[in-house]
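Everything below concerns the one structure shown next.
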Amino acid sequence: MSLSLEQITAALPEGGLFDGGWKFSPEPLRLTKAEGRFITSLGHPLAHFQQACDELYRRSASGKLPRWIADLLDAGKPGWMADLQKKTETRADFPRVIRPDLILTDGGFALTELDSVPGGIGITAWLSRLYADAGYPVLGGRDGMIEGFSSVLPEGGAILLSEESADYRREMQWLAGEAGGGRTVEAAESYRPDGRALYRFFEWFDWQAIPEARHLAELAAAGGPRLTPPCKPHLEDKLWLALLWTPALKPVWEKTLRGSHLARVREIVPPGWVVDPAPLPPQAALPVLGVNSWEEVAGFSQKQRRLVLKISGFHETAWGSRGVHIGHDLSQAEWSERVHGAMADFESQPWIMQEFREGRLIEHPVYQDDGSVAMMRGRVRLCPYFFTDEQGQTALAGALATLAPADKKKIHGMRDAVLLPCVIE
């Protein structure tokens, strides 16, 4: 049971699904039963983690928790946007799609991002159907992704896709067509409200390029046509991955999030820090790093630099691995420059740093350009897609594995990567 290259290419929609393409495999990625159980059960804890993040932000903004939390998350964002996400009317609004980016490591999974506006939904749906029809029991089922996305716009609606996200236009058009029900893809820059529910496929940092962005967010908050994911840019910020480990917030997290959910999230999120240049008292140290200042971190040796520096979210480089810098891949001068740059950006565009978790090496069969099959050695990023329905239930709909060559530290949808659905052994 395997897919031929001819079967795969013949099944591709006219024009393809994504600019740049990717490599194909005759087989899906196999996960162990334990890995499959872990992935399948992850949606509920992650949904509750997002809700806890929103609660911490709101309590901080209202003065019930230290104000620095909300101030940090509002940094660099326009005032109207920060004000809108604090409104009581938006309290119950959460992303209907959750996609964690998980690196498959020797010790389990390591979460690098929690994406609420993810690409790959259409590609994962197409791959799931293709391999299911070949007889593979794909994770999420043959039509899980189509059904999951349909639940986000249960009565039809428009997918607003920006020029910034143009690479994903073909896959979203295919997805809309397969979902049916009057769902269409519209250019976000020229869209005018027509009363339909809306799926936002643009990033909030790009709001000024989309004339109706603010109006649509305000209409949704006032009870007008639903906009999902909602105007809550703080939930799309990587800062939460560092705040999860901030010592001063430990008791707050323990009171806000159920113990089992907190343990599950901490199990996959590597320790992290907000790059805050404020001086520490002489007797204090950055947790785990064990130093008294970011200046000392900037001077770390290559062996000490198994760290990742990431821009936090409200910026054009905050997606697609463009604002990610891996410490031990940089020279000492480059590392120092990046850390000092992050310190200088703190007031307007915060950065975080996390421990680097190495992906484990696997081998998988891959079609070559000449149609032959060869074993490829590489590392895997696993992206499960969870959808939340009208009743608030979050469930797995499918998973996309990206197998990147072994020499790549950043794993994303590059031309020499392989995109695969998943099965459980």
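All conditions but one from (1) assigned to a helix (DSSP H, G or I); (2) touching a residue at least 12 places away in the same chain (Cβ under 8 Å) apply to Gln208; the one that does not is (2). Of all residues in the range 217-231, those satisfying the criterion of being over 23 Å from the mean Cα position of the chain (by Cα) and either within 16 Å of Asp194 (Cβ to Cβ) or modelled with pLDDT of 95 or more (or both) are Glu218, Leu219, Ala220, Gly224, Pro225. Here Pro154 meets the list (1) in a loop (DSSP other than H, G, I, E, B); (2) farther than 30 Å from Val274 by Cβ; (3) modelled with pLDDT of 95 or more almost entirely, failing just condition (3). Here Asp115 fulfils each of the conditions (1) of a type in the set (Asp, Glu); (2) at pLDDT 95 or above; (3) within 20 Å of the chain's Cα centre (by Cα) apart from (2).
Might you let me know whether the range 58-67 holds any residue that is of a type in the set (A, V, I, L, M, F, W, C) and under 22 Å from the mean Cα position of the chain (by Cα)? No, because not a single residue in the range 58-67 is of a type in the set (A, V, I, L, M, F, W, C) and under 22 Å from the mean Cα position of the chain (by Cα).
Here the range 194-250 is the region considered, the condition is being among the acidic types (Asp, Glu) and buried (at least 19 other Cβ atoms within 10 Å of the Cβ), and the residue that is farthest from Leu280 (Cα to Cα) is Glu203. Of everything in the range 172-196 that is in contact with a Leu (Cβ under 8 Å, 6 or more places away or on another chain) and at pLDDT below 95, the residue that is nearest to Gly21 (Cα to Cα) is Gly181. Evaluated against (1) surrounded by fewer than 18 Cβ atoms within 10 Å (Cβ to Cβ); (2) within 29 Å of Val265 (Cβ to Cβ); (3) of a type outside the set (Phe, Trp, Tyr); (4) touching a strand residue (DSSP E or B) at 6+ places or on another chain (Cβ under 9 Å), Pro154 falls short on exactly one condition, (4).
Restricting attention to the range 327-349, and to residues there that are modelled with pLDDT of 95 or more and among the polar types (S, T, N, Q), which single residue is surrounded by the most Cβ atoms within 10 Å (Cβ to Cβ)? Among residues in the range 327-349 that are modelled with pLDDT of 95 or more and among the polar types (S, T, N, Q), the one surrounded by the most Cβ atoms within 10 Å (Cβ to Cβ) is Ser336.
The values are calculated or read from the model by the stated rules, or taken from the named source; none is laboratory data. This is a predicted model, so every value here is computed, not measured. Cβ atoms come from the backbone with ideal geometry, glycine included; neighbour counts cover every protein chain shown.
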